[in-house]
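Novice: Structure below; questions to follow.
Nothing in this text is a laboratory measurement; each read-out follows from the coordinates by a stated rule. The shown structure was predicted, so the numbers you read here are calculated from the model rather than taken from an experiment. Neighbour counts are summed over all protein chains in view; Cβ atoms, including those assigned to glycine, are modelled from backbone coordinates with ideal geometry.
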């Protein structure tokens with residue numbers, strides 16, 4: 001049987017932002033900056049580097065300005081997350097032009113996360129997308145709880161598609177569609193991403209899987225078959241959403257890169273250098289790295 005798969009895949013490294021945001025102990029800014037530098041050296045060309053959120057809610061991101069300033073790079077897309085107008089103003093004030101916003105499909109998730117319903121969040125963010133595009137920014141829309149919600153359970157596929165469509169119509173350059181709590185199964189991944197890649201062929205479609213239940217690589221393979229060639233991953237498998245119970249376990253960059261290489265799919269990321277980048281951040285993490293590839297090399 002012949003399977004039509006992409007020859008190259010783009011990895012969007014989310015470790016410095018989505019990974020580290022959930023670490024309870026503050027990681028020195030210099031260590032974050034070195035982590036980002038090392039990931040660039042390893043071949044990462046797109047990366048979430050920090051988040052302009054309130055330090056009251058995410059203390060780890062209180063140095064967003066310093067990290068963003070260090071990360072700016074004409075050769076690498078360095079993305080910052082900005083959840084609202086206040087965050088976006090901070091991001092623009094730091095000369096950031098690659099900006100991510102986020103919204104959950106689930107009402108309950110949005111209310112727990114940003115104290116708004118999905119409708120309220122959408123009404124606030126859609127005009128912001130248009131404004132950012134007028135300023136020449138790259139806009140990444142992160143669609144959380146696209147498959148399952150920790151509070152509501154299964155999410156209707158059509159609800160996810162409709163929300164995505166509204167942000168595409170507003171001008172978003174990219175949709176990062178997330179299995180926030182790692183409950184999606186491969187047939188669900190294939191079904192949703194087949195529809196998204198067909199409906200929004202002019203928009204960058206990125207799949208974001210958590211490995212909470214050990215299904216991330218299987219879901220990535222299903223998404224590849226559905227036409228996806230962009231994946232969010234976190235070096236070392238660090239992190240998860242602090243506002244979604246059960247959302248630990250970002251899929252590890254090294255495991256995804258290794259699988260893709262074994263399949264003959266190029267990512268441009270060098271595994272030995274990626275391993276060095278992970279080694280550099282490990283002393284600052286309260287928990288050990290448990291990804292398959294990293295553990296294997298540790299034993300070698």
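Novice: If you count the DSSP beta bridges with both ends in the chain, what percent of them are antiparallel, to the nearest 5?
Specialist: On the way: 4 of 38 bridges.
Looking only at bridges with both residues in the chain, the antiparallel portion is about 10 percent.
Novice: While we're looking at this one, here's another question. In deg cm²/dmol and to the nearest 500, what is the mean residue ellipticity at 222 nm of the chain if only DSSP H runs of at least 4 residues count, each as -39500 (n - 2.57), divided by the residue total? Don't jump to the answer; show the numbers that get you there.
Specialist: Numbers: 11 runs with 123 residues, N = 300.
The helix contribution divided over the chain gives -12500 deg cm²/dmol.
Novice: Evaluate 2.2 N^0.38 Å with N set to the residue count of segment 44-153, then give the Cα radius of gyration divided by it.
Specialist: Its radius of gyration relative to the 2.2 N^0.38 Å reference: 1.07.
Novice: Going highest first, how would you order 115-123, 157-165 by mean Cβ packing within 10 Å?
Specialist: Values: 115-123: 15.1, 157-165: 16.8.
Those peptides, ordered most packed to least, come out 157-165, 115-123.
Novice: Which of 51, 234, 108 ends up with the largest GNM mean-square fluctuation for the chain, with Cα atoms connected below 10 Å?
Specialist: Judging by the Gaussian network model, the answer is 108.
Novice: Arranged by the count of other C-beta atoms within 10 angstrom, fewest first, what order do 285, 196 take? Write down the numbers at each step before the final one.
Specialist: On the way: 285 17, 196 27.
Ranking 285, 196 by Cβ neighbours within 10 Å, fewest first, gives 285, 196.
Novice: I'd like the projected area of segment 10-299, averaged over all directions, using the convex hull of its alpha carbons. Report it in nm² with one decimal. Don't skip to the end; give the middle numbers.
Specialist: Numbers: hull surface 52.7 nm².
Approximately 13.2 nm², given one-decimal rounding.
Novice: May I ask for the distance between the Cα centers of segment 74-116 and segment 267-300, given as a whole number of Å?
Specialist: First find each Cα centre; the distance between them is then 28 Å.
Novice: Give me the Kirkwood hydrodynamic radius of segment 130-214 in Å, from all C-alpha pairs, to one decimal place?
Specialist: On the way: mean 1/r = 0.0754 Å⁻¹.
Computed over Cα pairs of segment 130-214, the Kirkwood hydrodynamic radius comes out at 13.3 Å.
Novice: While we're looking at this one, here's another question. Which one of 102, 147, 26 has the biggest mean-square fluctuation once the chain is modelled by GNM with Cα springs under 10 Å?
Specialist: 26
Novice: Across segment 1-79, what fraction of all alpha-carbon pairs, as a whole percent, falls in each successive 5 Å bin from zero upward?
Specialist: Cα pair-distance distribution for segment 1-79, in percent: 3, 15, 27, 21, 13, 7, 5, 4, 3, 2, 0.
Novice: Further, regarding this structure: Please work out the Cα convex hull volume for segment 149-264 and give it in Å³ per residue. Intermediate values should be presented prior to the final figure.
Specialist: Details: hull volume 12.0 nm³, N = 116.
With only Cα atoms used, segment 149-264 gives 104 Å³ per residue.
Novice: If packing is taken as the average number of other Cβ atoms within 10 Å across a peptide's residues, how do 133-143, 77-87, 173-183 rank, most packed first? All intermediate terms of the calculation are to be shown ahead of the outcome.
Specialist: Details: 133-143: 18.5, 77-87: 21.7, 173-183: 25.3.
Ranked from most to least packed, the peptides come out as 173-183, 77-87, 133-143.
Novice: Also, quick follow-up: Which of 47, 263, 215 moves most in a GNM of the chain, Cα contacts under 10 Å?
Specialist: Greatest mean-square fluctuation among the candidates belongs to 263.
Novice: Still on this structure, I have one more. State, as an integer percentage, the relative contact order of the chain based on alpha-carbon contacts under 8 Å between residues 6 or more apart.
Specialist: Values: 618 pairs, mean separation 65.1, N = 300.
Dividing the mean separation by the residue count of the chain yields 22 percent.
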